[in-house]
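S.K.: Quick one: the structure is below, and I'll ask about it shortly.
Nothing in this text is a laboratory measurement; each read-out follows from the coordinates by a stated rule. Small disclaimer: the values here were computed from a predicted structure and weren't measured. In this analysis, Cβ positions are derived from the backbone assuming ideal geometry, glycine residues included, and neighbour counts consider all displayed protein chains.
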């Protein structure tokens, strides 16, 4: 059998073997309503609001992202001091839809801190591990410190570097917007 044919068959077998894994990793994990129920409680029904982004705010977001933020306004939900933000950030090639709930820091009761991070939709073939609690729980209690950096270290995941970076950026942006 010619080497080209063998190579082609191996490529087809590799694709077939990977397809179920890729199909299982990408997908819709939470709807907006489910995320809001987790963040605010099942009985709470906060109304959506809109935050118009000023040039100064867009500049700070650009510093976090390393590129322009494409939106002029951002929709969010608020109930008392607690806000919920649903933002998208590119992992490697596709957007990841990430929800972040920001509330008063339980430690000091004054500053705003992350109280919840959830992956609503993941569209990449790699890096889907960021949706699991072992990763998202690391963000609880994080606040912004100098230069819009998170106050605590977030451990990465081998093979999910770009997805981890995307979630960290969205958490920073949500804290900034809150």
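S.K.: Assuming 0.36 nm per residue, please report the length gained on full extension of the stretch residue 67 to residue 29 beyond their Cα-Cα distance.
M.R.: Values: separation 38, 0.36 × 38 = 13.68 nm, distance 2.74 nm.
That works out to 10.9 nm of additional length.
S.K.: Let me ask you something else. Label residue 145 and residue 47 with points 7 Å out from Cα along Cα→Cβ: what is the distance between them in nm?
M.R.: Here the answer is 3.9 nm between the modelled labels.
S.K.: Then there's this: Once R0 is set to 45 Å, what does the formula 1/(1 + (r/R0)^6) return for the Cβ-Cβ distance between residue 88 and residue 110, expressed as a FRET efficiency to the nearest 0.05?
M.R.: Values: r = 30 Å, r/R0 = 0.67.
It comes out at approximately 0.90.
S.K.: How many percent of the alpha carbon pairs in the range 81-143 exceed a separation of 15 Å? Don't jump to the answer; show the numbers that get you there.
M.R.: Details: 1030 of 1953 pairs.
Beyond 15 Å sits 53 percent of the P(r) for the range 81-143.
S.K.: For residue 38 and residue 57, compute 0.36 nm times the residue count separating them, minus their Cα-Cα distance, and round to one decimal in nm. It would help to have the intermediate numbers written out before the result.
M.R.: Details: separation 19, 0.36 × 19 = 6.84 nm, distance 2.80 nm.
Going from the current span to full extension adds 4.0 nm.
S.K.: Could you put 76, 29 in order, starting from the residue whose Cβ has the fewest other Cβ atoms within 10 Å? All intermediate terms of the calculation are to be shown ahead of the outcome.
M.R.: Working: 76 20, 29 15.
Fewest-to-most ranking of 76, 29: 29, 76.
S.K.: Radius of gyration and Dmax for the range 28-177's Cα atoms, expressed in Å?
M.R.: 14.4, 40
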